[in-house]
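Below is one structure, written out as structure tokens; comments come after it.
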Amino acid sequence: MGKHNTYKLILRLAVFFGGLFIVANGIVSTIQAGLGVNPWDVLHIGLSIQTGLSIGRIIQIVGLLLVGFSYFMKVKPSIGTILNMIFLGLFVDLVIGLNYIPSPDPLWQKISLFITGVAIFGFGCSIYISASLGAGPRDSLMLALKKIIPYRLGTVRTIMEVSAASTGYLLGGPLGLGTVTFALTVGYFIEMGFALIKLFKETVFYKTILAEQFR
């Protein structure tokens, strides 16, 4: 690998890991708000309660199972899939351990923290996706299930989300109004994140220094 290609990969990895760390902060913010979390985190927290393992470790284990099933269905993981599987859980446990995100009592503060968490999550997703290193474990599962479920991708994804939330709730996970709110709004925040990235790509700094690295 040439020097230029090495620099290009390092820069992409930095963007990818930065995005994942932002996503982890969004996840922990919604957890700390106490109003319900995204469907997959309902499952992760439910499994954490039942097993005693940390939320981050559960995220890794669930990710590994999803990647394994997807591979069995001939959806091969990319480098981004594997890194997402490993590091998102690590970052979530790191943020929880550092304890810098509060758990407020007043309802208005809970709502504010939750909305902030969803926004941070969406923005983080847009950043790590922009690194173009591949889909995450859940996206791989969606593609794998599409091979055996004769529905549109959007329907398959909805089935996945509902199944994860329902199973997590039965295990004691925090299913709440926030779960529904997250599902209905996170897409808009991801879109806003991509819009901000598009604006950044119009800057002189990006065009003169970074553009070549993301082609």
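Of note:
- The test for being free of Cβ contacts under 8 Å to residues at least 40 places away in the same chain, closer than 27 Å to Val28 by Cα and within 15 Å of the chain's Cα centre (by Cα) does not hold for Arg138.
- Within segment 69-99, the set of residues being assigned to a helix (DSSP H, G or I), at pLDDT below 95 and either of a type in the set (D, E, K, R) or more than 26 Å from Ile10 (Cα to Cα) (or both) comprises Phe69, Ser70, Tyr71, Phe72.
- Wholly enclosed helices (runs of 4 or more DSSP H) of segment 100-213 bearing at least 3 residues among the aromatic types (Phe, Trp, Tyr): 107-130, 177-200
- Pairs linking a residue in segment 10-29 that is on the phi > 0 side of the Ramachandran plot and in contact (Cβ under 8 Å) with a residue 12 or more places away in the chain to a residue that is of a type in the set (Ser, Thr, Tyr) and crowded, with 22+ Cβ neighbours inside 10 Å, with Cβ atoms under 7 Å and 6 or more positions apart or on different chains, do not occur.
- For segment 24-52, filtering for residues that are among the β-branched types (Val, Ile, Thr) and surrounded by fewer than 24 Cβ atoms within 10 Å (Cβ to Cβ) leaves 3.
- Residues of segment 117-174 classified as of a type in the set (Val, Ile, Thr) and within 27 Å of Gly18 (Cα to Cα), total: 4
The values are calculated or read from the model by the stated rules, or taken from the named source; none is laboratory data. Model, not experiment: these values are computed from the prediction. Neighbour counts run over all protein chains shown; Cβ positions are idealised from the backbone, glycine included.
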